[in-house]
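Enquirer: Below is the structure I would like to discuss, written out as structure tokens.
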Amino acid sequence: MTAAPQLAADGRLRHLLTLDGLPSALIENLLDDAARLREQWHTQRALPQHLAGRTVVNLFFEASTRTRTSFDLAARRLGALVVNFDIASSSTSKGETTEDTLATLEAMDADAFVVRHKENGTPAQLAAHARQAAILNAGDGNRAHPTQGLLDLLTIRDRKGRVDGLNVVICGDIRHSRVARSDVHGLHALGAGSVALCGPASMLPAREEFPGCRISDDFDAALTDADVVIMLRIQRERISDLPDLDVDSYHARYGLSMQRLARARRDALVMHPGPINRGVEIASAVADGAQSAILDQVANGVFVRMAALTRLLAR
Ligand code: NCD
């Protein structure tokens, strides 16, 4: 990550663009802050208004429900004003560059921009242009989705007591997944014992891109001794040449069924960033079962986003 440094010279977080290279102490601090905010919310239903007087703009150039809503609630519950910028009816569709959109909104004293874009690197590019504002990457292309990585780490830490030493399997369309990339960066930073990436050959990434991970098309074998199994959606919108996918045969080899889950450790945790495709990458019985942490992930998302916004914006 070079285009725009996310850490200021004094080591402070200036933008949140990727977990790649983020110091593990900073990651742990963000998780601790999120857990503290969660505790306050659950006991008091009220939170410190760390973001009072601040303005957060959601700039989503790609469809999103959960991530946008999660950032929106996180910012509002801490007292910020939130603007949901409607790209379809914006000047971007009149030919304005994204940098000019940023400058325009910064001139109205926007303090932070939450950016999702289909192109790799757009949030980093905007960070390079920002005068004062902080940029939070809410997912760029297949490159990074740092708050998803953080909420996954928090969920694992809660349910397993640690990340250190755990065996994690990530299965599905790894090649097109920004979630897989941010998860791997975060898992390595916090000392996961092993990370295995699984999927059909056409959905596996280049080995050089994932140093330190096992890469295989044999999901059954990879599941042995797994403590955590993260399932991913097939990112159809990012695959230009997707051959007609035979859902049944995909599910037969790469879908997480109850029977297949039995190959993992008995207390293995099942995760998925959503949106889930029932009967494709995950069976309903697993998604809704006792080992599933899918809704915990969603709940934790709001608190890690609060932690990130607070660190970037609190005065
Ligand atoms: C993911 C994304 O958009 O990258 N979703 C999310 O943020 N929860 C994964 C996906 O779309 O499959």
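Enquirer: Would you mind stating whether Ala34 is part of a helix (DSSP H, G or I), aliphatic (A, V, I, L, M) and touching a residue at least 12 places away in the same chain (Cβ under 8 Å)?
Expert: Numbers: part of a helix (DSSP H, G or I): yes; aliphatic (A, V, I, L, M): yes; touching a residue at least 12 places away in the same chain (Cβ under 8 Å): yes.
Answer is yes for this residue.
Enquirer: When the residues of the stretch 130-187 are filtered to those that are more than 22 Å from Ser292 (Cβ to Cβ) and of a type in the set (Asp, Glu), which remaining residue is surrounded by the most Cβ atoms within 10 Å (Cβ to Cβ)?
Expert: Among them, the one singled out is Asp140.
Enquirer: So Leu269 passes all but one of these: (1) open to solvent by 20 Å² or more (accessible area, probe 1.4 Å); (2) away from the ligand (no atom under 16 Å from the Cβ). Which condition number does it fail?
Expert: The one condition Leu269 does not meet is (1).
Enquirer: While we're on this one: Kindly check whether there is at least one residue in the stretch 112-120 that is closer than 30 Å to Ser194 by Cβ and more than 16 Å from the ligand (Cβ to nearest atom).
Expert: Of all residues in the stretch 112-120, those closer than 30 Å to Ser194 by Cβ come to 120.
Right, trim to more than 16 Å from the ligand (Cβ to nearest atom) and you get none.
No: the stretch 112-120 contains no residue that is closer than 30 Å to Ser194 by Cβ and more than 16 Å from the ligand (Cβ to nearest atom).
Enquirer: I've got another one for you. Does any residue in the stretch 64-75 that is not assigned by TED's automatic domain parsing to the domain that holds Pro273 come within less than 7 Å, Cβ to Cβ, of a residue that is away from the ligand (no atom under 14 Å from the Cβ) six or more places away or on a different chain, and which pairs are these?
Expert: Listed by first residue and then by second, the contacts come to Asp72/Val82; Asp72/Asn84; Ala74/Met306; Ala74/Leu309; Ala75/Leu51; Ala75/Val56; Ala75/Val82; Ala75/Leu309.
Enquirer: Still on this structure, please answer the following. Residue pairs, Cβ under 7 Å, 6 or more apart or interchain, first in the stretch 170-185 and over 20 Å from Val298 (Cβ atoms), second assigned to a helix (DSSP H, G or I) and within 12 Å of the ligand (Cβ to nearest atom). List them.
Expert: Going by the 7 Å Cβ cut-off, the qualifying pairs are Ile174/Ala180; His176/Arg238; His185/Gly149.
Enquirer: I would also like to ask the following. Considering (1) in a helix (DSSP H, G or I); (2) open to solvent by 40 Å² or more (accessible area, probe 1.4 Å), say which one Ala63 fails and leave the rest.
Expert: Of (1) in a helix (DSSP H, G or I); (2) open to solvent by 40 Å² or more (accessible area, probe 1.4 Å), only one is false for Ala63: (1).
Enquirer: Moving to a separate point now. If you go through the stretch 54-84 one residue at a time, how many are away from the ligand (no atom under 11 Å from the Cβ) and among the polar types (S, T, N, Q)?
Expert: Initial filter on the stretch 54-84 (away from the ligand (no atom under 11 Å from the Cβ)): 54-59, 61, 72-84.
After this cut, where a residue has to be among the polar types (S, T, N, Q) as well, the list is 55, 58, 84.
Looking only at that region, the number is 3.
The values are calculated or read from the model by the stated rules, or taken from the named source; none is laboratory data. Please read all numbers here as calculations on a predicted model, not as lab measurements. Here Cβ is always computed from backbone atoms with ideal geometry, including for glycine, and neighbour counts include all displayed protein chains. We work out accessible area using only protein heavy atoms, side chains counted, and drop any ligands, DNA or RNA first. Shrake-Rupley method; radii C 1.70, N 1.55, O 1.52, S 1.80 Å.
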